[in-house]
Ligand SMILES: [Zn+2]
C-alpha cells in the first residue's frame, strides 16, 4: 500500500506531464472504483487545464481551470502510468493489458496518463477547489507531517493524556496525516521508543523529538523515490513504487543495525499490523 512518500513520488512524476497542461480527452471506463465516480466525471475533466498538482496526506489533488479539483487516491494497488510521446525522461510505453485501466487522460501535450487498479480500492472524486478541505475524505485529517503546523508543541499536546500505544497514536490520521505502518516503524526505531509505550507517558522532550525524525524519515524516502524516478528502469512507466532501505521494517530476526547492538529485530502485532522493533534499542 503506498504511503505518503510513494504518493508524493507519484505526484512529482506526474507534475511535468500534467501541470499547466490541458486534458484533451478523459476516458472513464467503469462507473466506480472503491466508490462510484462523481456524475459526468469524463465531461467535467475533458477540456480542462490542470492548474496545480498538490498532495494532501495520501491524496493527489489536481486543480482544474474549471474551479474544480480532482481528488485521486491510489488505494492498495492503484498505479499511475505515463505513456505517449514528447515526454523526455518520462517517455515510457505501457505494455500491460488494458483490463484494469479504469481512467485514461489524453493530454494535449501528447502524454497519456492511465490510472490502473487491479483491486479497485482506489478512488476518484471531484469537488470545488475551495471546498477540498471540507471533503469527507479529507476534513478529519490532521496536519501534514512536513508542514509548519506539525511541530513539537503540537505533538506534545496531541499525545497528552493518551493511553494508546505510541505506534497507534502516530498511525491515527486525525493526529498527523499520511503516516503508515512502514514509516512509523522506522521513526520509532530511530527515536529509540518502543512501539508499545503509551503515548501519554513519554516525556515531552522525547515526543517533541519525534517531529524532526518523522520529517527526516519521510524526506529521505521522498528523495529515494525521486532518484528512482530519475534513473527509471521499469519499462512500463509506473510511478511511485521503489525499493527503499528500511532499518527495521520487515527485518524480523535480522541483526539490529545500530552499532554495538547485538539484538535481533523483533515483531509484534498491534491493531492487526506488524510492528518491527529492536528490543534493546527501543524502550
Ligand atoms: Zn538494537
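The values are calculated or read from the model by the stated rules, or taken from the named source; none is laboratory data. Since the structure is predicted, the reported quantities are computational estimates derived from the model, not experimental observations. All Cβ positions, even for glycine, are placed from backbone atoms using ideal geometry, and neighbour counts span all protein chains on display.
A few notes on this one:
- Counting only strands (runs of 3 or more DSSP E) that sit wholly inside segment 99-199, those with at least 3 residues that are more than 19 Å from residue 63 (Cβ to Cβ) are 101-107, 111-116.
- Look at segment 109-128: where a residue is closer than 13 Å to residue 74 by Cβ and in the same structural domain as residue 68 (by TED's automatic domain parsing) and a partner is at pLDDT 90 or above and surrounded by fewer than 16 Cβ atoms within 10 Å (Cβ to Cβ), sitting 6+ places away or on another chain with Cβ atoms under 6 Å, you get 121/34; 123/34; 123/35.
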